[in-house]
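> The structure is given below, and queries will be raised subsequently.
Read the figures in this text as sums done on the coordinates, not as results from a lab. The shown structure was predicted, so the numbers you read here are calculated from the model rather than taken from an experiment. Here the Cβ is made from the backbone with ideal geometry for all residues, glycine too, and neighbour counts use every protein chain on show.
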Amino acid sequence: MGTQAAQKSERYFVPQPSAWPFVLTASLIALLGGVSAYLEEDHIGPIPIYAGLAVAIYIIFRWFRGVALESEGGMYSAQVGRTYRWGMSWFIFSEVMFFGAFFGALFYARELSLPWLGGEGSKIATNLTLWPGFEAHWPSNGPAQLGGAFKTIPAFSVPAINTAILLTSGVTITMAHHALKASKRGACILWMWATVALGCAFLYLQAHEYIEAYTELNLTLRSGIYGSTFFMLTGFHGMHVTLGTIMLISITLRLMSGHFKPDSHFGFEGVAWYWHFVDVVWLGLFVVVYWL
Amino acid sequence: MAHAHDDHAHGGHGHDDHAHGPDKGIMRWIKTTNHKDLGTLYLFFAFIMFFIGGLMSLVIRAELFHPGLQFVDPEFFNQMTTLHALVMIFGGLMPAFTGLANWMVPMMIGCSDLALPRVNNWGFWLLPFAFTMLLSTMFMPGGGPAGGWTLYPPLSLQTANAFPFLIFSIHLMGISSITGAINVVVTILNMRTPGMTLLKMPLFAWTWLITGYLLIAVMPVLAGAVTMLLTDKYFGTSFFSAAGGGDPVLFQHVFWFFGHPEVYILILPAFGIVSTIIPTFARKQLFGYDSMVYATAGIAFLSFIVWAHHMFTVGMPLAGELFFMFATMLIAVPTGVKVFNWVATMWRGSMTFETPMLFAVGFVFLFTIGGFSGVMLAMTPVDFQYHDTYFVVAHFHYVLVPGAVFSVIAAIYYWIPKWTGRMYNEFWGKTHFWLSTIFINLTFFPQHFAGLAGMQRRVPDYALQFTDFNVISSIGAFGFFVSQFIFIFNVLASCYGWFGRQRNAPDRVWEGARGLEWTVPSPAPYHTFEDPPELPAHEVTGVHDH
Ligand code: HEM
Ligand SMILES: [Cu+2]
């Protein structure tokens, strides 16, 4: 009898029917349909974009809030905790593969397509007939010099500072984690705000760098393959840092309203993993985009 | 203490036990978080998509019935080939397999539902929206995408207004696939009933675990590839433009890094289904369970290092041609292991040939034909001749239609009594099998010859000498399409109890079947295993070799 009751309490949490996913999808369609129409200059106006975005953000907020409340309400067994851990790990893996596509493009451009355009190996005819006189070197905006002459951002200037910032933020979030596990909520919250501040500092410097690239270096998205890979990689990374910072802030606010226990705080860990992932991607960027 | 906890758990469910039934009306389907409801939705959606994609293929086959241009203009013809492929792959087969996983994985491994039920709902509902968006492009100025489902630039960049809708719908399909895959993978890793170790798991769960892994790994790469297309077209990047230092061939590499694992995404669940059905009707254990698992994993690994066999004629360095040729041929080894094991399972079994078994055996034969033509295509010098001919079309349709699609049909016949409690009609099932098999071979076998003789794919007209092959092929295609109505009626009759069909299927519908799904009533209760069930030894399908 006793064991049966105990077993029942460990039942896996199956949520009630929910309209969130359906509404989220509808809002995403409005958003993406609006953007598509905008790109093709169909003049259906910006309302679907803004409405879709607003509803999507609202639903995401509601959804995550609902999950947080379910968790704090004690509805999740240890098994549900494992589900979220596995789920988050696989999600991060998918993100790694997404970045992989752009890193792959960078590798291909530097190691293969540019040397070939420059006539390397058996591709001498390409060079002589199509792009005579083009010499492959990096950085490059291609044989047609798309976007005109440009300068690049030296690795050991702002990017190095940003590297230091992100690495430090990896330390501060680990300190916060230790504080949480040791039941020192106050310290944990302080470390978390420090992490948030570092994230914001990173974003500020990154924005600054972009402005400088556009206004002073003539380095833009249109600067051939260098501009393409540079802005797509750093841009997607920056978007992830933005998302990560928002996640950090919401976790910190949850900490301040008493959420999470020293021995059970998946939401916290999930965000910490995400932050470390963003950190690691940056290291890759720093080495292959800025430095080498 | 235990009691206080108990109350909590009830709070968690929000309702008492009697509230466990579904909502009423349309809201049931919009809001459902139940794996069986969502499995049903996935399967119905796949049905509709197969129908639309099938109609598109009939447009193609009607145009190709005769040389010359008769029904459609070339631009529309190309829209049909492009959309047919996208609809069949992303709207038909992949959702069908996800639907089967929804229904069967929790029942096979003994858990209450998929691990993330709300995410599961999201994964499903993304699809109808995404495909509405994709199909609506046919009615836009400039028409739908017509550059082939592979979306190669620079051709695909010439798509008119449809372009961003195409790209974003692919993004949404990708999100749907990734969420579905994470869900299945996490369910399998985290929610098996006690005692069901990984190597005691039914093979369908194993093949889906590996399929899920492939999906999570490569769908983001496709997202990256199409994102680069989008920025190349609208934001001035030059990933695929040589003038800026990029290369159109780069797209092909990124695309096929997704694309080849994708073809295994379309066939590994089919392997799982066939490995489930054949032992049931051979009344023997699956031969070589362990080797099946390792072969599946081996195929998955190899699928990441063979992508450029789609690009032999593009002008790769010689070392690349050789590497990709040999790596591709290696895949024939684990695939051969599988075919061998199926045959060995049937060897000296006491076989009966109910409809699911017919489709499974048909799968083994006809998939293998597609496998053989695949090995032919893997040879670089030979592929120089075969590439972009109807030989390729014949090859991939043999693995996709009498391969993957047959497995879906087999699975539905096999499990529909469990889902609905009503048997299908055996006579019409067998008729469906024989008609499908005859017509599908009529459709695709002659295409081998047309291709070898030099008929190109993706072209609405052809030289006179290919006429005979094409006439046969078109007759086969129409016959196949019409035959599927038998299936539709047979299945719907079981769903809705037409023709006086009774709910009288026993728990263990097939007396040779093993597995937890056969220990529960037919139809299976709405919530099957709220508490993890016992796993009796005789229900274990994963039996090790000694
Ligand atoms: C009776 C069933 C089917 C018929 C008669 C059929 C017929 C065709 C035809 C005539 C083409 C055009 C070939 C060309 O001109 O290049 C084609 C292309 C294609 N089909 Fe099917 N098909 C069927 C089922 C399927 C299924 C179930 C799938 C996938 C799950 C599929 C996937 C494809 C793909 C990937 C292409 C290549 C499209 C392209 O060239 O971009 N087909 N099919
Ligand atoms: Cu391939």
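> Can you sort B:L358, A:L39 so the residue with the fewest Cβ neighbours within 10 Å comes first?
In increasing order of surrounding Cβ atoms, one gets A:L39, B:L358.
> Highest first, please rank the peptides B:256-269, B:176-189, A:264-277, A:174-187 by the mean number of other Cβ atoms sitting within 10 Å of their residues.
Sorting B:256-269, B:176-189, A:264-277, A:174-187 by mean packing, highest first, produces B:176-189, B:256-269, A:264-277, A:174-187.
> Take peptide A:103-111, look around each residue's Cβ out to 10 angstrom, count Cβ atoms belonging to other protein chains, and average those counts.
On the way: counts 1, 7, 12, 1, 1, 7, 7, 1, 0.
Going residue by residue through A:103-111 and averaging, the value is 4.
> Please go through the residue pairs B:K31/B:K233; B:K36/B:K200; B:K284/B:K430; B:K338/B:K430; B:K31/B:K430; B:K338/B:K418 and name each one whose alpha carbons sit more than 29 Å apart in this structure.
Values: B:K31/B:K233 38 Å; B:K36/B:K200 24 Å; B:K284/B:K430 23 Å; B:K338/B:K430 25 Å; B:K31/B:K430 37 Å; B:K338/B:K418 27 Å.
From B:K31/B:K233; B:K36/B:K200; B:K284/B:K430; B:K338/B:K430; B:K31/B:K430; B:K338/B:K418, over 29 Å: B:K31/B:K233; B:K31/B:K430.
> Out of all Cα-Cα pairs in the protein assembly as shown, roughly what percent, to the nearest whole number, are more than 36 Å apart? Please list the in-between numbers first.
Values: 174072 of 350703 pairs.
So the pairs more than 36 Å apart make up 50 percent of the total in the protein assembly as shown.
> Applying a 10 Å radius around every beta-carbon, put A:88-97, B:92-101, A:45-54 in order of their mean neighbour count, most first.
Sorting A:88-97, B:92-101, A:45-54 by mean packing, highest first, produces B:92-101, A:88-97, A:45-54.
> Could you order peptides B:51-60, A:188-197, A:116-125 by the average number of other Cβ atoms within 10 Å of their residues, highest first?
Most protected by this proxy first, the peptides run A:188-197, B:51-60, A:116-125.
> Ignore the peptide's own chain and count Cβ atoms of other chains within 10 Å of each Cβ in B:219-227; give me the average, rounded.
Numbers: counts 3, 9, 7, 3, 4, 11, 4, 1, 5.
Partner-chain Cβ atoms within 10 Å, mean over residues of B:219-227: 5.
> Around B:P141, what is the net charge, scoring Lys/Arg as +1 and Asp/Glu as -1 over all other residues with Cβ under 15 Å from its Cβ?
Local net charge: -4.
> What is the mean number of Cβ atoms from other protein chains located within 10 Å of the Cβ atom of each residue in peptide B:110-118, rounded to a whole number?
Partner-chain Cβ atoms within 10 Å, mean over residues of B:110-118: 5.
> Using a cut-off of 13 Å between beta-carbons, work out the net charge of the residues near A:L285 (Lys and Arg +1, Asp and Glu -1, A:L285 not included).
-2
> What lysines sit close enough to A:K184 to cross-link, taking a C-alpha to C-alpha distance under 29 Å and skipping anything fewer than 8 places away on the same chain?
A:K261
> Taking the Cβ of A:A176 as the centre, find all other residues whose Cβ is under 12 Å away and add up their charges (Lys, Arg: +1; Asp, Glu: -1). Walk me through the numbers before you get to the answer.
Working: positive: A:K181, A:K184, A:R185; negative: A:E269.
Counting the neighbours of A:A176, the net charge comes to +2.
> Among A:G133, A:G148, A:G235, whose mean-square fluctuation peaks in a Gaussian network model of chain A (Cα, cutoff 10 Å)?
A:G133
> Can I ask one more? What are the aspartates and glutamates whose alpha-carbon lies under 14 Å from the alpha-carbon of A:K181, with same-chain residues fewer than 8 places away excluded?
Those aspartates and glutamates meeting the cut-off are A:D263, A:E269.
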